[in-house]
1. How large is log10 of I(q)/I(0) for segment 1-55 at q = 0.16, 0.25, 0.27 Å⁻¹ when the intensity is taken from the Debye formula with one equal scatterer per alpha-carbon?
2. Length gain on complete extension for the stretch residue 22 to residue 60, per 0.36 nm per residue less the alpha carbon to alpha carbon distance?
3. Do any chymotrypsin sites (Phe, Trp or Tyr not before Pro) in segment 1-76 lie in a DSSP loop with no more than 10 other beta carbon atoms within 10 Å, and if so, which?
4. Could you give the radius of gyration (one decimal) and Dmax (whole number) of the Cα atoms in the chain, in Å?
5. Of 53, 25, 90, which is farthest along the charge dipole of the chain in the positive direction, counting Lys and Arg as +1 and Asp and Glu as -1 at C-beta?
6. Taking θ as phi - 60°, what are the ³J(HN,Hα) couplings along segment 52-64 by the Karplus curve (6.51, -1.76, 1.60), each to the nearest whole Hz, with x for Gly and Pro?
7. Compute the distance in nm between two label points, each set 7 Å from the Cα along the Cα-to-Cβ direction, one at residue 73 and one at residue 40.
8. Once phi is turned into ³J(HN,Hα) by the Karplus curve 6.51 cos²θ - 1.76 cosθ + 1.60 with θ = phi - 60°, what whole-Hz value does each residue of segment 66-82 show in order, with x for glycine and proline?
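None of the figures in this text is laboratory data; all of them are computed from the coordinates on show. If you're wondering where the values come from, they're calculated on a predicted model, not measured in any experiment. Every residue, glycine as well, gets a Cβ built from its backbone with ideal geometry; the counts of neighbours run over all protein chains shown.
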Amino acid sequence: MKRGAVPFLLVFLTDLIWMLLVGAVFSVWVYRVNDGRFRWFIAAGAAAGFAVWHATLGRLVLAFAEAVAAFVRRLLRLLVLTPLLWIVRGAGICARFLWRATGGRVLAAGKRIRAIRHTERIRRAFGQDLSFGERGERT
């Protein structure tokens, strides 16, 4: 896990929200089970259990969770991102091929036709009668 100010604050806030949620659920559960009577040893036992968990198995579980998260990230990258990149690259290659095979030629033909029409207008303006063949050559 990255260490720094932002990850620390993010972890702190998520831990705080989790603690408040679990505390609220635990309080409601104790209230329902004990007919509305608060028993201090239940709260003390929960706090002691949390402290023991945090001091012993908590770090081991955190290290295991980080390893699992890294494995899942690698697996998702391998199974989702890599094939998606292949698809995008393949689509780009196909689009370039289609553009070169059709679109570029269509644009070139359109430019040629516009150039011929422009030349004809200029020649007519000067009073010369010229005609062009299919490929744009003068006949």
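1. Each listed q maps to, in turn, -0.63, -1.02, -1.08.
2. Here the answer is 11.5 nm.
3. Loop-located and lightly packed - 38.
4. Values for the chain (Cα only, Rg and Dmax): 37.2, 110 Å.
5. The residue sitting farthest along the positive end of the dipole is 90.
6. 5, 4, 5, 7, 10, 7, x, 5, 5, 5, 4, 5, 5
7. Modelled inter-label distance: 4.6 nm.
8. 5, 5, 5, 4, 5, 5, 5, 4, 5, 5, 5, 4, 6, 8, 10, 5, 5
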